[in-house]
Amino acid sequence: MLTLGVETSCDETSVAVVDERMRILSNVIISQIDIHQQYGGVVPEIASRQHVANIMPVLDEAMRKAQIKITDIQQVAATTRPGLPGAVMVGRVFGDSLATALKVPFVGVNHLHGHIAGLKLSNPDLRPPMLCLLISGGHTAVYLLDDTWTTQLLCTTTDDAIGEAFDKVARVLGMPYPGGPKIARMADMTANFTPFISRSPKENFSYSGLKTAVLNYVNYEQQVGHSLNIPQICANFQYCAVEQLLCKIKVLLKKHHVQNLGICGGVAANQYLREQFTNLCDEQGVRLYLPRPELCGDNAAMIAAAALLGIK
Ligand code: KG4
Ligand code: ZN
């Protein structure tokens, strides 16, 4: 089934073509980051308007790159939840209308399932059962997948998502949105630090306490007139943010006796996190599946992949 994917749930407008063997024929992404950066985060109304302006040129480019005609498309898949409501609506109505005009099926896709299914695009040999850690700007969750790609949510965050914490800490340190990649670069500049915050809640994840600890530390240091050692703060924050994931995954791998671990979502691009999980999985004799760095963030190929796999 030659599948057209559409993704507009946040600040990326993306259209992709993926074939039944899960090969990406095209995956065009227009990011709105430059526009939202001046406001320090994504402005929902602006995001919707930009999707409306971008969606047709992105479709044209996806057709050109895939070297197919629009009438070759056999199914259309678009993100229908969760996300910014106005932004999601643009892609959903666009995809549904296109499917109706082409007289092909329309598949509504859960964006989170898209991130999980997207792992198959980077790892063709991946076969569940597996544990999957989803870490993005809006979500921090662990799913158990059975061999039919049916997901079961095991745990989630009680407050902030990990990517949101990266973005907020970056903001307080004067770095532009999105903060994750900038914190990671700063953290690479320091080799030694003493972790000043550590939280490993038992049942779920929590990032609000960690974020507040960093904000309090920064405020205190500024009040007493100390200059901030930004690389050390970033390395410290990144260490604590990843430590929490490592502790929880270690326990869940044992509890559910799974041999495969997938990690997906924008934060999966973090190099330190990738190295730490590679070590953990080596230790535990578990196979680790990561998306290629360019497929960690939001993209439409993963939405098409979710439809092709029938992930639920
Ligand atoms: O999956 P994604 O593109 O969008 C959502 O569905 O949320 O994830 C975006 C998030 C942002 O919070 C961004 O700061 C974070 O992923 N991110 C990173 C890195 N690259 C992106 N966080 C930590 N380290 C990175 N290298
Ligand atoms: Zn996402």
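The values are calculated or read from the model by the stated rules, or taken from the named source; none is laboratory data. Just so we're clear, the structure is a prediction, and the values are computed from it rather than from any experiment. No Cβ is skipped: glycine too gets one built from the backbone with ideal geometry, and neighbour counts run over all protein chains shown. Heavy atoms of the whole protein, side chains included, go into the accessibility calculation; ligands, DNA and RNA do not. Shrake-Rupley method; radii C 1.70, N 1.55, O 1.52, S 1.80 Å.
Okay, here's what the table says:
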quantity	calculated
Residue match in region 172-189 (condition: at pLDDT below 95 and aromatic (Phe, Trp, Tyr))	yes
Residue under evaluation residue 43, criteria (1) within 16 Å of ligand 1 (Cβ to nearest atom); (2) in contact with a Lys or Arg (Cβ under 9 Å, 6 or more places away or on another chain), criterion not met	(2)
Matching residues, region 24-46, being under 30 Å from residue 123 (Cα atoms) and either assigned to a helix (DSSP H, G or I) or open to solvent by less than 50 Å² (accessible area, probe 1.4 Å) (or both)	26, 27, 28, 32, 33
So residue 5, is it open to solvent by 10 Å² or more (accessible area, probe 1.4 Å) and either more than 14 Å from residue 307 (Cα to Cα) or modelled with pLDDT of 95 or more (or both)	no
Condition met for residue 133 (surrounded by 20 or more Cβ atoms within 10 Å (Cβ to Cβ), within 15 Å of ligand 1 (Cβ to nearest atom), among the hydrophobic types (A, V, I, L, M, F, W, C) and part of a helix (DSSP H, G or I))	no
The one condition in (1) under 25 Å from residue 311 (Cα atoms); (2) near ligand 1 (Cβ under 10 Å from one of its atoms); (3) touching a residue at least 60 places away in the same chain (Cβ under 8 Å) that residue 161 fails to fulfil	(3)
Qualifying residue in region 213-231 (condition: open to solvent by less than 20 Å² (accessible area, probe 1.4 Å), closer than 30 Å to residue 79 by Cβ, in contact with a helix residue (DSSP H, G or I) (Cβ under 8 Å, 6 or more places away or on another chain) and within 16 Å of ligand 1 (Cβ to nearest atom))	no
Filter result for residue 112 (modelled with pLDDT of 95 or more and more than 16 Å from ligand 2 (Cβ to nearest atom))	no
Which numbered condition residue 249 fails, given (1) over 19 Å from residue 157 (Cβ atoms); (2) among the hydrophobic types (A, V, I, L, M, F, W, C); (3) under 19 Å from the mean Cα position of the chain (by Cα)	(1)
Filtered residue count, region 52-85, keeping only those that are buried (at least 17 other Cβ atoms within 10 Å of the Cβ) and either within 21 Å of residue 307 (Cβ to Cβ) or among the small types (Gly, Ala, Ser) (or both)	15
Qualifying position, being surrounded by fewer than 21 Cβ atoms within 10 Å (Cβ to Cβ), outside the structural domain of residue 266 (by TED's automatic domain parsing) and either in a loop (DSSP other than H, G, I, E, B) or in contact with a His (Cβ under 8 Å, 6 or more places away or on another chain) (or both), among 49, 21	21
Answer residue from region 295-309, given it is in a loop (DSSP other than H, G, I, E, B) and open to solvent by 20 Å² or more (accessible area, probe 1.4 Å) and is farthest from ligand 2 (Cβ to nearest atom) among those	297
Unique residue being out of contact with any His (no Cβ under 7 Å at 6 or more places or on another chain) and within 16 Å of ligand 2 (Cβ to nearest atom) when the list is 243, 164	164
Wholly enclosed helices (runs of 4 or more DSSP H) of region 206-291 bearing at least 1 residues touching a residue at least 12 places away in the same chain (Cβ under 8 Å) and closer than 23 Å to residue 122 by Cα	230-256, 271-284
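Residue by residue, here is whether (1) within 16 Å of ligand 2 (Cβ to nearest atom); (2) over 30 Å from residue 280 (Cα atoms); (3) in the same structural domain as residue 301 (by TED's automatic domain parsing) holds:
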residue: 79; (1), (2), (3): yes, yes, yes
residue: 92; (1), (2), (3): yes, yes, yes
residue: 100; (1), (2), (3): no, yes, yes
residue: 105; (1), (2), (3): no, yes, yes
residue: 145; (1), (2), (3): no, no, no
residue: 150; (1), (2), (3): no, no, no
